[in-house]
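None of the figures in this text is laboratory data; all of them are computed from the coordinates on show. None of the values given here were measured: they were computed from a predicted structure. A quick note on method: Cβ atoms are made from the backbone with ideal geometry, for glycine too, and the neighbour counts reach across all protein chains shown.
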Amino acid sequence: MHTKTAAVFTQNNKRYDVEKIRNDFPILKTTVHGKPLVYLDNAATTQKPQYVIDKENNYYKKYNANIHRGVHALSQEATEAFEESRIIVKKFINALGKNEIIFTRGTTESVNLVASTYGRENINEGDEIIISHMEHHSNIVPWQMLCQEKNSKLRVIPINDDGELIFEEFEKMINKRTKFISVVHASNSLGTVNPVKKIIDLAHSHNIPVMLDAAQAVNHLPIDVQELDCDFLAFSGHKLYGPTGIGILYGKVNHLDAMPPYMGGGDMISKVTFEETTYNELPHKFEAGTPHISGAIGLGAAIEYIEKIGLENIARYENELLIYATEAVSDLTGLRIIGTAKEKISVLSFHFENVHPHDVGTFLDFEGVAIRTGHHCTQPLMKRFNIPATSRASFGMYNTKEEVDLLVAGLKKILEVFG
Ligand code: PLP
């Protein structure tokens, strides 16, 4: 049994009630190999509270229908719930209008959408696109594909040994050929939080648009797209305690208006003849076909759930866990933390001198502790640190210091066995 977690206080001085939160997540009562589940793989995907599960279920049980096209009651109810979620997302990231919120399958699709539409229209031979050395493959490959097609150049902001962007190098990289910048807000492998406002301000002073991959930021850091002034922002529902297969592309309305559609099909059209098609208004122009209706409803519910607790309260609590875990592992023989930036989300990546990450992950699994091992879809980053993979524990709103203790106890056993 867990011992009591020391209290962390919320903004309005209430105790952060982690046990109450844990009770909202049915899966946390699961056992794995006969041990209580300790789920520390939140950067890969987060667990879902009953509130989200119920909202998705209710759609299928009570008002399942296709949206936008039906005059019957169920279709209208489904359309209302779907569009209500768009408004919830709009408010959550403080977009100017709901027409700036495009439902996609996730971060990956959102980046591909921008590369294939904005990119194809605006990037030409000899132009340069800047990304960083800590990007997830989904914010590398779409730009690489575009560069190959257009004969343009992908440039990479280097990072230091702590896993922080070297800003002076970024400044030097900007020139008149730079036409687009796409960077990760918070790194899934290192935890680093990038100085995105500074990046955007500098880019805008040269009239260069900036896209943010907020897949890992959105559930840890409050995001205000108007304050950030980013041109595009992408995130996934499943990292935000919501469903898989649903995500968001935010884009400034002037960009979205000027961009050609991504996919053709139903819903994205205004009028179709065999000779010509005119396109629907935003956001529908980018939402061809039947969308993931229950997913969108579930994403809205996830945001409602998070907002009840308060993202800032969650962030403060997770930061406590990160500090606690970082201290607890720092004495372990041969363990090197990968990602020691000053500003981090609650991701703890590490590498043992003499134990392969795969063995670490497998051993911990038998202790009931779920972490992720591998390259985390950041192969160039692994190369930068000269390692094939890391072991990564990533903490969510429901984790506890006692769970960190179980992780550390597992790591100590590993050292005894493999050490
Ligand atoms: N970007 C970052 C930083 C991520 O961590 C991930 C997923 O791990 C992605 C992009 C891709 O997200 P998805 O697979 O949900 O499209």
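Results, tabulated for the structure shown:
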| item | result |
| --- | --- |
| Residues with amide H under 5 Å from that of residue 288, placed H, sequence gap 5 or more | 263 |
| Dipole moment magnitude, nearest 20 debye, the chain about Cα centre, only Lys, Arg, Asp, Glu C-beta charged | 380 debye |
| Given 11 as the ceiling on other Cβ atoms within 10 Å, longest exposed-site-free region of the chain for trypsin sites (Lys or Arg not before Pro) in DSSP loops | 177-341 |
| Residues 371, 67, sorted so that the one with the fewest Cβ neighbours within 10 Å comes first | 67, 371 |
| Point-to-point label distance, residue 418-residue 151, nm (Cα→Cβ direction, 7 Å offset) | 4.9 nm |
| Loop GluC sites (Glu not before Pro), region 249-337, which have at most 12 other Cβ atoms in a 10 Å radius of their Cβ (DSSP) | 275, 276, 281 |
| Coarse-grained scattering of region 64-130 at q = 0.13, 0.23, 0.25, 0.26 Å⁻¹, given as base-10 log I(q)/I(0) from a Debye sum over alpha-carbon atoms | -0.56, -1.02, -1.06, -1.08 |
| Span-rule helices in the chain, defined as complete DSSP H runs reaching 18 Å or more along the axis (Cα) with Kyte mean at least -1.0 | 73-93, 293-309, 311-329, 401-418 |
| Positive dipole terminus of the chain, leading residue within 221, 181, 154 (C-beta point charges) | 221 |
| Nearest-0.05 FRET efficiency for residue 253 and residue 54, computed from C-beta distance (R0 25 Å) | 0.15 |
| Gyration tensor (Cα) of region 238-282, equivalent ellipsoid semi-axes in angstrom | 27, 15, 7 |
| Relative contact order [Cα under 8 Å, 6+ residues apart], the chain, whole percent | 23 percent |
| The chain: C-alpha gyration tensor shape, a/c 1.5 cut-off, then a/b vs b/c | oblate |
| Extension reserve of the residue 204-residue 167 stretch, reckoned as 0.36 nm per residue once the Cα distance is removed | 11.8 nm |
| Anchor residue 14: aspartates and glutamates whose Cα lies under 14 Å away (excluding residues fewer than 8 positions away in-chain) | 312 |
| Spin-label pair residue 244/residue 61, simplified geometry with 7 Å Cα→Cβ offset, distance in nm | 2.3 nm |
| Whichever aspartates and glutamates have a C-alpha closer than 18 Å to that of residue 35, once near sequence neighbours (fewer than 8 apart) are set aside | 365, 367, 402, 403, 405 |
| Shape of region 298-416, Cα gyration tensor, a/c cut at 1.5 | prolate |
| Computed lengthening from residue 76 to residue 144, 0.36 nm per intervening residue step minus Cα-Cα distance | 20.3 nm |
| Sorted by Cβ neighbour density within 10 Å, fewest at the top, the residues 346, 138 | 138, 346 |
| Cα gyration tensor shape of region 173-266, rounded if a/c is under 1.5, else prolate or oblate by comparing a/b with b/c | oblate |
| In region 249-322, the chymotrypsin sites (Phe, Trp or Tyr not before Pro) that fall in loop regions by DSSP, at most 13 other Cβ within 10 Å | 274 |
| Reachable aspartates and glutamates, given that their alpha-carbon falls under 14 Å from the alpha-carbon of residue 91 and they are not under 8 places away in the same chain | 83, 100, 224, 227, 304, 307 |
| Region 79-142: GluC sites (Glu not before Pro) in DSSP loop, at most 11 other beta carbons within 10 Å | 125 |
